[in-house]
Amino acid sequence: MLLMKRLLCLLASLCLSLHADMSVSTDFEGGNAEVVKLNQTTKTLRIRPELHEGRGWPCWWYFQLDGLQLGERITLEVEAQTKPFREKQVLAAAWCQPKHAWLSTDGETWSPSDEGTRTKDKVMIYQIQVAAPQMRVAWGPPFVPADAERLLAEIAKRLPESQRFELAKTRHGHAVNGIRIGDANAPHQVWIGARHHAWETGGSQVGRGFIRWYASEEAKALRNQTCLHYIPIMDVDNVVLGAGGKEAEPRDHNRDWADVPIYPEVAAAQGMISDIHRKRGLDAYIDLHNPGANDPVFFFGPFAFERMSGIQQRNYSRWLELASAHITTPRPVEPKYRYANYVTTEEERGRMSSGWVRNHTGDFTISVTLETGWNSPLMSVEGYSNIGAGLGRTLRDYLAENPRQH
């Protein structure tokens, strides 16, 4: 009788699990999805990125599915947000429709889905094979403040001499954290940061690959001669919210490097960089971005590059030569600088982070933006990490030549 009861209970629980409804949740860091419709019978889910007014492009999506059955297939449909994100501007659908959705059963390991198909009415359709009762699905491999905290703790444990610091508290009370590695009076000084635009998660992924390489035995000689300041996420508020950040109102983080910034973290970065340069000189400022769907790996350089001479021309040219030798996988870096020609005024150029640094440092300082495309399975956590390691080797060889000498 007891055995029969146990069998009946097991059968009942199996029946309940077989008929469990699929559910969608976004109540975690970086979560974003506006459910348009959910068909439990056909296991079809349609979403669009939720619009956070004034918080920039509605392109990022990231959600959790529960109540899944192993072996079944889920049809995910992604359509564009139809509301304007700024004045009368509606974001084009392509920005929220990568070729692949990214899938995880543990929130840490991410893999691409099969390539999606785009319909005539501009809806992207992905077929997702269920691998666990609970899965997370995202526009790209996420990197949120919890990931940044784990990374900084990992590096601090590996390098006990490093110093973690809080750059600033955001307007909404979140900590923007970083780590300093090396003596403050070291011969060379470097600042590397990511995510002036919250949705560009690949920037933080490249940064993670870089800082792990920097903490490795291979980089020991570089660490002995360098003081590095590293910030994994600048626009923490929008990353937490799952908002895009780019073209936020009245301006985004990468256009806020003005005399009077809006964001406390930008003001704090300006203050620290100015202090570093005043005391020891800044050798390199590198801003990590990830905006273009089909872009290669490339650097945005200074608008005046062709008119430069002497130590400036030499340093910018040498940086690109070394980057071309070391950043080769999963895609090689372009051997020429690109220029943000869509920025048409000197005033706006001066409010871009890299432009502000150029205008407030010395003739030996290089200030560049590393850009990585995202619309490919090559742009995985591992792929971005390889780019970051290549960036580290570039920095090692560049500083070994002492770019300060005339």
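The values are calculated or read from the model by the stated rules, or taken from the named source; none is laboratory data. None of the values given here were measured: they were computed from a predicted structure. As a convention, Cβ positions derive from the backbone with ideal geometry for all residues, glycine included, and neighbour counts pool all protein chains shown.
In table form, for the structure just shown:
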read-out: Candidate set from region 35-52 (those that are outside any strand (DSSP E or B) and in contact with a helix residue (DSSP H, G or I) (Cβ under 9 Å, 6 or more places away or on another chain)); member that is nearest to VAL24 (Cα to Cα); value: PRO49
read-out: Filtered residues of region 69-107 (kept if exposed (fewer than 15 other Cβ atoms within 10 Å of the Cβ), in contact (Cβ under 8 Å) with a residue 12 or more places away in the chain, touching a Lys or Arg at 6+ places or on another chain (Cβ under 8 Å) and not acidic (Asp, Glu)); value: ARG73, THR75, THR82
read-out: Residue tally, condition surrounded by fewer than 13 Cβ atoms within 10 Å (Cβ to Cβ) and closer than 22 Å to ASN294 by Cβ, over region 336-345; value: 3
read-out: Matching residues in region 191-243 - criterion: being within 14 Å of the chain's Cα centre (by Cα) and polar (S, T, N, Q); value: THR201, SER204, GLN205, ASN238
read-out: Residue list for region 108-133, restricted to those being surrounded by fewer than 15 Cβ atoms within 10 Å (Cβ to Cβ) and in a loop (DSSP other than H, G, I, E, B); value: GLU108, THR109, ASP114, GLU115, THR119, LYS120, ASP121, LYS122, ALA131, ALA132, PRO133
read-out: Single condition TRP57 does not satisfy, out of (1) under 28 Å from ARG251 (Cα atoms); (2) without any contact (Cβ under 8 Å) to a residue 12 or more places away in the chain; (3) of a type outside the set (D, E, K, R); value: (2)
read-out: Qualifying residue in region 138-159 (condition: within 30 Å of PHE63 (Cβ to Cβ) and of a type in the set (Lys, Arg)); value: yes
read-out: Neighbours by Cβ (under 6 Å, 6+ apart or cross-chain): first from region 118-132, within 10 Å of ALA93 (Cβ to Cβ); second aliphatic (A, V, I, L, M); value: ARG118/MET124; LYS122/ALA93; MET124/VAL78
read-out: Flag for VAL333 being farther than 22 Å from SER274 by Cα, buried (at least 18 other Cβ atoms within 10 Å of the Cβ) and of a type in the set (A, V, I, L, M); value: yes
read-out: Inter-residue pairs, beta-carbon under 9 Å, first under 21 Å from GLY209 (Cβ atoms) and in region 289-305, second of a type in the set (Asp, Glu) and surrounded by fewer than 18 Cβ atoms within 10 Å (Cβ to Cβ), 6+ apart; value: PRO296/GLU334; VAL297/GLU334; PHE298/GLU334; PHE299/GLU334
read-out: Meets criteria (in contact with a helix residue (DSSP H, G or I) (Cβ under 8 Å, 6 or more places away or on another chain) and more than 24 Å from LEU399 (Cβ to Cβ)) for ASN290; value: yes
read-out: Tabulated pairs, region 348-363, first assigned by TED's automatic domain parsing to the domain that holds ALA258, second of a type in the set (Phe, Trp, Tyr) and crowded, with 23+ Cβ neighbours inside 10 Å, C-beta under 6 angstrom, 6+ apart or interchain; value: ARG351/TRP257; SER353/TRP257; TRP356/TRP257; VAL357/TYR285
read-out: Condition met for ASP27 (part of a loop (DSSP other than H, G, I, E, B), modelled with pLDDT of 95 or more and exposed (fewer than 12 other Cβ atoms within 10 Å of the Cβ)); value: yes
read-out: Test: residue in region 385-405 that is at pLDDT below 95 and part of a loop (DSSP other than H, G, I, E, B); value: yes
read-out: Residue in region 58-73 that is farthest from VAL137 (Cα to Cα), counting only those that are under 26 Å from the mean Cα position of the chain (by Cα) and part of a loop (DSSP other than H, G, I, E, B); value: PRO58
read-out: Residue in region 310-323 that is in a loop (DSSP other than H, G, I, E, B) and buried (at least 16 other Cβ atoms within 10 Å of the Cβ) present; value: no
read-out: Filter result for the condition that a residue is assigned to a helix (DSSP H, G or I) and in contact with a strand residue (DSSP E or B) (Cβ under 9 Å, 6 or more places away or on another chain), over GLU247, GLU265; value: GLU265
read-out: Matching residues in region 134-164 - criterion: being farther than 24 Å from SER113 by Cβ and assigned to a helix (DSSP H, G or I); value: PRO145, ALA148, GLU149, ARG150, LEU151, LEU152, ALA153, GLU154, ILE155, ALA156, LYS157, ARG158
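Residue-by-condition table, conditions (1) assigned by TED's automatic domain parsing to the domain that holds TRP199; (2) modelled with pLDDT under 95; (3) hydroxyl-bearing (Ser, Thr, Tyr):
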{"site": "ILE276", "(1), (2), (3)": "yes, no, no"}
{"site": "GLY292", "(1), (2), (3)": "yes, yes, no"}
{"site": "ASP295", "(1), (2), (3)": "yes, yes, no"}
{"site": "SER309", "(1), (2), (3)": "yes, yes, yes"}
